[in-house]
Amino acid sequence: MSTTAPVTLLPDVAAVISTLKAVGLGAFYDADDRAVIAHPIQIPQEHALNGTHVMVQWGPYNSGLIYGRPASFRATEWVGDGPDLREMGTIYATPIRRPFTREAQRCANAIREWMLRPGYTAGAVLLAALAEYGLTPGNGISVAYNVHSDSYDIPVTFSRGEQGRLSVADRDGSIRHLPGRHTGWSILLHDERGDAVGDPVHISGDGRTSVDCAADSESAAAVIADWVTAPLSRHCDCYAQEGHYPRHDRECNRYAAPSIARSQA
């Protein structure tokens, strides 16, 4: 990648660089890759590619025409690897096209957050949302790290005295992915034996397309808090006897959010 910037920048390129600099990052245009490079402001531009840096790209790729129209942004982490560069992962990806200026700002904020807090994960975003309801690790939440699936587990009380739990992970069973790679939270109800029962009590995204991690985490946290503060009041006889995604009695409110269940009681 070249570090030489053109003398005159197209409006969209200039706008992206300005937005990145406004949040306290260094930024310059890489003409070879048709991308803006973001880096810690304390690192001189001539040394930026030697360490960790972020490549920012946007589209549709008709430079100069996209400015002011809906756009998609993608920011990826790169590190110097001897004479080569190696891509490490996605920091931010636009969930749906939004106005160019708005998306440039969201992307810049995500990069800044990532640079200020290395290793910051989608799970940490969800924990911050849950903390607003007083739910924190050791105070209503346990964390399970496994080879194939990580999760946050929250105990819930059923009307007959049994203890179940809500298990929260993303669609791929992870909580350690980058916020920019978040594709939706899934919350499953488990019985006292640990078996998942019924449909997910909450599910978002499609497992492929990135979604807004902060907004998705706030939504999931609200659902969890509702279950914790308003346990379900009645169950049908199929409780703890179902597999995953089976049919159940239409009167059973076990899989509805408690606020919905109360309105149907």
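The values are calculated or read from the model by the stated rules, or taken from the named source; none is laboratory data. Quantities reported herein were computed from a predicted structural model and do not represent experimental measurements. Positions of Cβ are generated from backbone atoms using ideal geometry, with glycine treated the same way; all protein chains shown enter the neighbour counts.
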Practice problem: Give me a count of the residues in the stretch 186-214 that are in a loop (DSSP other than H, G, I, E, B), on the phi < 0 side of the Ramachandran plot and out of contact with any helix residue (DSSP H, G or I) (no Cβ under 9 Å at 6 or more places or on another chain). | Solution: 11
Quiz prompt | Hits in the stretch 190-220 (condition: farther than 21 Å from Y145 by Cβ and aliphatic (A, V, I, L, M)) | solution = V197, V201, I203, V211, A214, A215
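So that you can scan it fast, the table gives a plain yes or no per residue for (1) over 19 Å from H53 (Cα atoms); (2) assigned by TED's automatic domain parsing to the domain that holds A215:
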position: R86; (1), (2): no, no
position: T101; (1), (2): yes, no
position: T157; (1), (2): yes, yes
position: L166; (1), (2): yes, yes
position: I175; (1), (2): yes, yes
position: G194; (1), (2): yes, yes
Quiz item: For G140, are the conditions met, namely being touching a strand residue (DSSP E or B) at 6+ places or on another chain (Cβ under 8 Å), surrounded by 14 or more Cβ atoms within 10 Å (Cβ to Cβ) and touching a residue at least 60 places away in the same chain (Cβ under 8 Å)?
Solution: yes
Quiz prompt | Cβ-Cβ under 7 Å pairs, at least 6 apart or on other chains, the stretch 103-131 side in the same structural domain as A93 (by TED's automatic domain parsing) and modelled with pLDDT under 80, far side surrounded by 16 or more Cβ atoms within 10 Å (Cβ to Cβ) and outside any helix (DSSP H, G or I) | solution = none
Quiz prompt | Residue list for the stretch 71-96, filter: at pLDDT below 85 and over 22 Å from R176 (Cα atoms) | solution = G80, D81, G82, P83, D84, L85, I96
